[in-house]
1. Which whole-angstrom value gives the distance between the alpha carbon centres of segment 309-323 and segment 1-75?
2. Roll a 1.4 angstrom probe over the protein heavy atoms and tell me the percent of accessible area of segment 133-266 that is carbon or sulfur.
3. Excluding same-chain pairs closer than 8 in sequence, count the lysine pairs in segment 133-266 whose Cα atoms lie under 24 Å apart.
4. Just want to confirm a number: the relative contact order over the chain, from Cα pairs under 8 angstrom separated by 6+ residues, in percent.
5. Tell me which chymotrypsin sites (Phe, Trp or Tyr not before Pro) from segment 199-241 have a DSSP coil assignment and no more than 13 other beta carbons within 10 Å of their own.
6. Just to check I understand the Karplus step: with θ = phi - 60° and J = 6.51 cos²θ - 1.76 cosθ + 1.60, what whole-Hz values come out for segment 33-46, glycine and proline as x?
7. Compute the long axis of helix 243-260 from its Cα atoms, compare it with the longest principal axis of the Cα atoms of the chain, and write down the angle in degrees, 0 to 90, nearest 10.
8. List the longest stretch of the chain that has no exposed loop site; here a site is one of the trypsin sites (Lys or Arg not before Pro) assigned by DSSP to anything other than H, G, I, E or B, with at most 13 other Cβ within 10 Å.
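The values are calculated or read from the model by the stated rules, or taken from the named source; none is laboratory data. What you see is a predicted model, and the numbers here were worked out from it, not measured in a lab. We place every Cβ from the backbone using ideal geometry, glycine too, and count neighbours over all the protein chains shown. The protein model used for the area step is the full one, side chains on, heavy atoms only, and it has no ligands, DNA or RNA in it. Shrake-Rupley method; radii C 1.70, N 1.55, O 1.52, S 1.80 Å.
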Amino acid sequence: MKAVVQREYGSADVLHLQEVDRPPMSANSVLVRVRAASVHAGDWHLMRGDPFLLRFIYGGIHRPKITILGSDVAGEVDAVGQAVRQFKPGDPVFADLTECGFGAFAEYVSVPESALVLKPENLTFAEAATVPVSGLSALQGLRDVGQLQAGERVLIKGAAGGVGSFAVQIAKALGAEVTGVCSPHKQEVVRKLGADEVMDYDQAVHQAPRFDLILDTAAYRSVFASLAVLKPGGRYVMVGGAMPYFFQVLLLGSLMSALSGRRVKSLVCQPNSKDLTLLKDWIERGTIYPYVDRTYPLEQVPDAIHALEQRQVCGKVAISIGSAPYSPLCQGHASATASHLARD
Ligand SMILES: NC(=O)c1ccc[n+]([C@@H]2O[C@H](COP(=O)([O-])OP(=O)(O)OC[C@H]3O[C@@H](n4cnc5c(N)ncnc54)[C@H](OP(=O)(O)O)[C@@H]3O)[C@@H](O)[C@H]2O)c1
């Protein structure tokens with residue numbers, strides 16, 4: 001099969017389209033014929049082996065042990081192991097592969113049955129592949145770590161990013177009043193995603209302390225500056241951004257909470273099929289939808305990662321594989337996106 005393979009750490013130049021063997025299957029696994037994948041920030045961190053800690057976590061200090069990246073997958077069941085009960089060949093499925101070895105940048109991937117969920121019926125494979133990692137992170141960051149309640153005011157930093165574009169919609173679905181923070185030229189999209197108020201990163205640190213919760217997917221400035229716009233007793237959830245700030249909160253969150261009078265915590269997303277099923281249900285009911293900015297073919301995974309690293313993307317980037325429809329650089333052309341925005 002064809003796959004985008006990485007044998008060393010570095011820039012997108014280390015990624016090469018190659019012929020490799022199909023992945024082995026076990027009794028509990030499902031061989032998925034990949035129709036689409038998507039790219040997110042974690043892909044380029046793994047590609048670069050940066051921060052270095054990732055090399056310890058994923059087991060390749062000098063060279064990557066994970067040679068085929070890609071943590072979001074949507075495709076069709078090709079074959080099932082003898083113990084698999086829930087799926088049969090031909091079923092359309094999607095999954096977060098973060099805790100099952102990655103490998104979505106390929107024509108086939110072997111996935112534990114427990115990680116798979118039937119694809120939302122109203123999404124294309126490319127759209128569905130943009131949901132798992134970003135949607136689950138947004139859901140768990142707001143609902144579980146952030147304990148968001150209906151009627152509360154939430155500030156979402158990086159609202160035009162992958163996680164942020166889902167977070168805006170999920171926070172609205174949970175009954176919150178949403179302020180989205182993003183680059184000025186992306187503000188219109190964030191408004192259309194449902195934000196009640198939109199501002200840029202400078203404005204966000206000059207607000208009165210009026211927010212109950214901050215979901216920070218773009219922590220590229222002092223966390224203490226963000227805490228100042230939270231009400232006393234408010235909650236700050238670190239999702240990602242610059243690594244020094246991420247590790248500051250991960251390691252010193254309790255101390256920062258004591259010093260600031262706000263609760264400071266980090267998200268560590270836990271992929272699971274129950275939450276992915278909840279996202280599927282919301283998508284099928286039209287409560288949330290993936291905002292797909294553009295789609296690339298498998299051989300252009302390096303370009304897709306480059307575009308994301310360069311902050312050119314609004315929402316998500318999909319990778320189409322095999323016969324899935326390919327729409328080059330079509331801004332917001334995904335059907336779910338177009339139909340949802342057309343309702344405005
Ligand atoms: N903790 C977890 O379990 C978990 C799970 C998923 C992701 N993450 C992390 O969360 C972060 C967001 O992920 P994502 O998939 O949403 O990423 P993404 O799609 O690349 O979005 C990141 C957003 O940050 C904004 N941003 C603001 N200042 C920036 C700067 N100086 N450099 C780069 N971007 C900047 C971007 O700009 P604009 O305002 O211009 O759009 C972009 O919208 C990443 O660090 C990722 O590794 C963590």
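1. Distance between centres, Cα-based: 16 Å.
2. Percent of accessible area from carbon and sulfur atoms in segment 133-266: 55.
3. Qualifying lysine pairs in segment 133-266: 10.
4. Details: 829 pairs, mean separation 63.5, N = 344.
Rounded, it is 18 percent for the chain.
5. Answer by residue number: 220.
6. After applying 6.51 cos²θ - 1.76 cosθ + 1.60, I find 7, 6, 9, 7, 9, 8, 10, 9, 4, x, 5, 6, 5, 5 Hz.
7. Here the helix axis deviates by roughly 40 degrees.
8. Numbers: sites that count: 7, 65, 85, 210, 285, 311, 343.
Formally, the longest exposed-site-free interval is 86-209.
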